[in-house]
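To start, the structure itself, in structure tokens.
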Amino acid sequence: MRMIIVNEQEKVFHLNNGRISYLFYVMESGQLGHLYFGRALNPEGSYLHMVEKAHRPMTTYITEGDLYTSYEHLRQEYPCYGTSDYRYPALEIQGSDGSRICKPEYQRYEIFNGKKLLSGLPATYVEDEGEASTIEIFMWDPVRSLEVILSYSIFRDVDAVARSVRFVNHGKESVFINRAMSMSVDLPDADFQSVQLSGSWARERHIHVRDLQPGISAVSSMRGNSSHQHNPFLALKRKSTAEQSGEVYGFSLVYSGNFLAQAEVDNYQVLRVMMGINPFGFQWKLDPETDFTTPEAVMVYSGDGLNGMSQQFHRLYKSRLARGYWRDRERPILINNWEATQFHYVEDDLILFAAKAKECGIEMFVLDDGWFGARSDDRHGLGDWYANMQKLPDGIEGLAEKIEALGMKFGLWFEPEMVNRDSDFFRSHPDYIIATPNRSTSHGRNQFVLDFSRREVVDAVYEQMYALLSKAKISYIKWDMNRSISECYSQAYPANQQGEIFHRYILGVYDLHERLIQAFPSLLIESCSSGGGRFDAGMLYYAPQGWVSDDSDAVERLKIQYGTSLVYPISCMGAHVSACPNEQVGRRTPLETRGNVACTGAFGYELDLNRLSSEEIEIVKKQIAFYKENRRLIAEGNFYRLCSPFETNFAAWETVALDRQRAIVTVTRILSEINGPYRRLPLCGLLAEQKYHIKSRFLSYDAYGDELMQYGLMLEDKSSGQVIDGSGGCQDFLSVLYEITAI
Ligand code: GLA
């Protein structure tokens, strides 16, 4: 199938995979104009008549004598600053003459099958060339001799277009890129609501919806990490769009640093959406014959509601962004000691901790913070990646051996990007941290950020990690990052390159990941940043799972995981059962509920199983057996959000196996209700004519797919006030799993 059609005469480019279309064209002036993004249009069609322009008062026109053509009116593809378009531009280039105008003009295009990787940056990829087609549009600014190459890849099996932009300076002087967004699109109307994932530490990625108004709605980060506060994602949905129906555009940035995602409604109700590196604080000096590539942005269109959008992102991200040894493998069930012990343990405690976990069926023990250098609390030791011999007399090698001897894998916590002042590493390299000369340096959790924009700093950390990983049996690392960057400045770069440091820092983080992956291809990396402070598509390229949040309370997790699922696949969400009362919010929830919520993710435990009663251990064993039996379905299946904890007293979701022969539905009622209505929950994604058996704690019945999707799944809890089995059918935070199996 030809996925990129070019109308040479009209200079119109039509990306079309049979389900979505994306169209743009070359204007008379040589700039690119946007035509259409949405449900697929006829590939034979001619679409230039979609261009709308009019003679309007108080407008600046491009050419004398022409009172119709202004960039202010025309929908643009990659708008540049200073050329009669007064909306925010995607591109601003500053020359040595101080001018900030840039007018790249269309030169030529190239089409090829497949998709290129981005050097040093994470990006979606293909496994065979038929999976995507790419068009590169070559633009040229004659004044600056600057080449601008816009790249678009459309996927055959996913309704997504991936974009990035590359700049090559062919001039004799350096230019400065002040602003270079990864994508921009001008949609023809603004009758949308924007959907964003915002929150804070322990409350990440809550769904927020707002009506667009004239002007700008934006989310961004200036913290150096993509942040707990806002995720690098933005969706635009119609007011009537629901989970399973209606139109929605999703935009996701494959990047982990400072970003900007914004929607601007202009005075003619045109909606400009753009996304890329946050221009605030950014400036890149592009020397002659060097190039710069923006991160990749992924644009999804769905006519099947928010859930339809999520499924496109999930499909692409779990199989063509996540990569490597662990991408398609069943992830080990792990137990992490952090919430149980914090910094305070010795080897014997850990062995007892792990042995009990092994007895329950857990497959990997992860030793969290506190194992290295002089680390007795968060004031000491960061940067010294060798074992604290008082706690671990046989070192990490010895401990790893002992864990392996139990029949488990061993995993280890690192925070590679940070140092405490009280560390050997800092004492030998006090100049390796990010700090501005003659200014005080702020700390976060008593720690400072290593200057990963410098190769020698990344090398020094790599050497320490490599030494340990190559001699100890370490199967997994939890890569933490517990503060944002402040006083951003690098001693290694001149004044006119300080605007590059935030971006160079992230490139350094990616480089260290890449080197470790190359050296230890079967190492499983779980990303973390005080929970979900850097939970983004960029990290997913290096770490196929991430710790969703430091909040492990099952009720808080309903919203966090529900929001996270808007973009990110279930297989990448680290989710653990923790102790009661919960460490973060003090809530007591049933162990079953904690298990049900955590098992929709990369499942594990975060508590000392030796402290549980024998009845509780039996429940844990059942949870583990259930997960082992179903983890492939959970990781690979199609995920449906059925009932929102943001809008109701319930959270419900469903995972349907790819062959639609099995499904698991999780229904959690937040607060108990008395004498409530009878409830049914319409399911999704089943085969209408297939008969299924439904099994939950108290229910067992057969029904056809059509009934389950139309009339709905009968919920066992009728909130009638009855105590169903004497164990509290009417308690708060009750969660029930329904297994649906084709018969
Ligand atoms: C961060 C992580 C936690 C834990 C601690 C250890 O907060 O998110 O899971 O690893 O650091 O200090």
Of the listed residues (F646, F603), the one being out of contact with any Cys (no Cβ under 9 Å at 6 or more places or on another chain), assigned to a strand (DSSP E or B) and not small (G, A, S) is F603
Apart from one, (1) surrounded by 24 or more Cβ atoms within 10 Å (Cβ to Cβ); (2) more than 16 Å from the ligand (Cβ to nearest atom); (3) under 16 Å from A202 (Cα atoms); (4) of a type in the set (F, W, Y) all hold for Y562; the odd one out is (1)
Across (1) surrounded by fewer than 16 Cβ atoms within 10 Å (Cβ to Cβ); (2) within 16 Å of the ligand (Cβ to nearest atom); (3) under 27 Å from E463 (Cα atoms), D384 clears everything bar (1)
Log entry, pairs with first residue in the range 11-26 being touching a residue at least 60 places away in the same chain (Cβ under 8 Å), second being of a type in the set (D, E, K, R) and buried (at least 24 other Cβ atoms within 10 Å of the Cβ), beta carbons closer than 6 Å, six or more apart or on different chains, reads R19/D159; I20/D159
E92 meets each of (1) in a strand (DSSP E or B); (2) within 23 Å of S133 (Cβ to Cβ); (3) of a type outside the set (G, A, S) with one exception, condition (2)
Picked from the range 363-377 (must be within 21 Å of K621 (Cα to Cα) and in a strand (DSSP E or B)), the residue nearest to the ligand (Cβ to nearest atom) is V366
The residue that is surrounded by the most Cβ atoms within 10 Å (Cβ to Cβ), considering only those in the range 281-320 that are among the polar types (S, T, N, Q) and outside any strand (DSSP E or B), is T294
Taking first residues from the range 335-349 that are within 27 Å of Q623 (Cα to Cα) and of a type outside the set (A, V, I, L, M) and second residues anywhere that are part of a loop (DSSP other than H, G, I, E, B) and within 12 Å of the ligand (Cβ to nearest atom), the pairs with Cβ under 6 Å that are 6 or more apart or on different chains are N336/D368; N337/D368; W338/D368; E339/E583
Within the range 637-694, the residues that are among the acidic types (D, E), within 20 Å of S565 (Cα to Cα) and surrounded by 14 or more Cβ atoms within 10 Å (Cβ to Cβ) are E654
When the range 454-512 is checked residue by residue, the ones that are touching a strand residue (DSSP E or B) at 6+ places or on another chain (Cβ under 6 Å) and of a type in the set (F, W, Y) are Y476, W479
Next on the checklist: It is to be established whether one or more residues within the range 392-415 are of a type in the set (K, R), without any contact (Cβ under 8 Å) to a residue 24 or more places away in the chain and either over 23 Å from Y605 (Cβ atoms) or away from the ligand (no atom under 16 Å from the Cβ) (or both).
Outcome noted: no
Apart from one, (1) surrounded by fewer than 19 Cβ atoms within 10 Å (Cβ to Cβ); (2) under 19 Å from A543 (Cβ atoms); (3) within 16 Å of the ligand (Cβ to nearest atom); (4) not aliphatic (A, V, I, L, M) all hold for T341; the odd one out is (2)
Checked the range 404-424 for anything more than 20 Å from I501 (Cα to Cα), of a type in the set (A, V, I, L, M, F, W, C) and either outside any helix (DSSP H, G or I) or touching a Leu at 6+ places or on another chain (Cβ under 8 Å) (or both); matches are L406, M408, F410, L412, W413, F414
**Q.** Filter pass, D551 being within 16 Å of the ligand (Cβ to nearest atom), within 20 Å of S453 (Cβ to Cβ) and not polar (S, T, N, Q)
**A.** no
Scanning the range 113-143 for residues that are within 18 Å of Y317 (Cβ to Cβ) and among the hydroxyl-bearing types (S, T, Y), the one surrounded by the most Cβ atoms within 10 Å (Cβ to Cβ) turns out to be T124
Taking the range 606-638 and keeping residues touching an Asp or Glu at 6+ places or on another chain (Cβ under 8 Å), within 30 Å of R315 (Cβ to Cβ) and either modelled with pLDDT under 95 or not in a helix (DSSP H, G or I) (or both) leaves E606
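The values are calculated or read from the model by the stated rules, or taken from the named source; none is laboratory data. Values in this document were obtained by computation on a predicted structure and should not be read as measured data. Cβ: placed from backbone, ideal geometry, glycine included. Neighbour counts: every protein chain shown.
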